[in-house]
Amino acid sequence: EIAQCLVGSEMCIRDSFMTGWECDGNFGVAAGIAEMLMQSHRGYIEILPALPQEWKSGSVHGLCARGGFELDFSWKDGKLTELSIFSKLGNKCNIMINGSKKICIDTEKNKKYCIIFVKWYNTNINIG
C-alpha cells in the first residue's frame, strides 16, 4: 500500500512474459522508504531524516546501518520515542536525531542498547 502511494499503480511495470514485478522499481521503493527513516552514509546514523508528515506514528525493525548496527525504533507525533541498537561489531555508534541532537555510544560486539526518549534535556548525550 505504501509503495503504491509513492509510485502509483501506473508505475508498476510488469513483464509480458513473466508474472511478478520489476525488481528495480520494487526494491528501489523499499530502499527509498529505508532512507526516509534512517541514513548512515555520513559517518553517523541519522534517525527520521525525512519522515513524511502523514506518518505521524510508526515503528521499524531490523534496519541495518553502516558500522555493523541493526536498529529498531518507534516514533509518535513525528518524534522518536524508542531506539534499540544491536552492535554486530562493537564499533562506536554516533547517532543524530531531529537534525541536531547527538548520541554517542561506545558499543560492545553482540550487545543491544535500548533508549527510551521521554524529553530532551541535553543536546548531546554520551554513553559508554
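Scanning segment 91-113 for residues that are modelled with pLDDT under 95 and exposed (fewer than 11 other Cβ atoms within 10 Å of the Cβ) yields G99, S100.
Would it be correct to say that E35 is open to solvent by less than 70 Å² (accessible area, probe 1.4 Å) and either at pLDDT below 80 or outside any loop (DSSP other than H, G, I, E, B) (or both)?
Working: open to solvent by less than 70 Å² (accessible area, probe 1.4 Å): no; either at pLDDT below 80 or outside any loop (DSSP other than H, G, I, E, B) (or both): yes.
For E35, the condition - open to solvent by less than 70 Å² (accessible area, probe 1.4 Å) and either at pLDDT below 80 or outside any loop (DSSP other than H, G, I, E, B) (or both) - is not met.
Residue selection: K88 fails the criterion of being out of contact with any Lys or Arg (no Cβ under 9 Å at 6 or more places or on another chain), open to solvent by 40 Å² or more (accessible area, probe 1.4 Å) and on the phi < 0 side of the Ramachandran plot.
Only a single item in (1) of a type in the set (A, V, I, L, M, F, W, C); (2) in contact (Cβ under 8 Å) with a residue 12 or more places away in the chain; (3) under 23 Å from A30 (Cα atoms) is not met by I116, and it is number (3). Within segment 36-76, the residues that satisfy the criterion of being farther than 21 Å from K111 by Cα and touching a residue at least 24 places away in the same chain (Cβ under 8 Å) are L37, H41, L48, P49, L51, Q53, W75. From the set of residues in segment 38-56 that are within 15 Å of L83 (Cβ to Cβ) and assigned to a loop (DSSP other than H, G, I, E, B), which is most open to solvent (accessible area, probe 1.4 Å)? The extreme case among them is Y44.
Does L71 satisfy the criteria of being at pLDDT 95 or above and open to solvent by 50 Å² or more (accessible area, probe 1.4 Å)? So L71 fails the test.
May I ask you to list the residues in segment 34-71 that are aromatic (F, W, Y) and under 22 Å from Y113 (Cα atoms)? Spell out how you get there, then give the answer.
Going residue by residue through segment 34-71, those that are aromatic (F, W, Y) are 44, 55, 69.
Passing the criteria: Y44, F69.
The values are calculated or read from the model by the stated rules, or taken from the named source; none is laboratory data. Since this is a predicted model, take the numbers as computed values, not measurements. Counting neighbours? That spans all protein chains shown, and the Cβs are built from the backbone with ideal geometry, glycine included. Remember, those area values only see protein heavy atoms, side chains included, never the ligands or the DNA or RNA. Shrake-Rupley method; radii C 1.70, N 1.55, O 1.52, S 1.80 Å.
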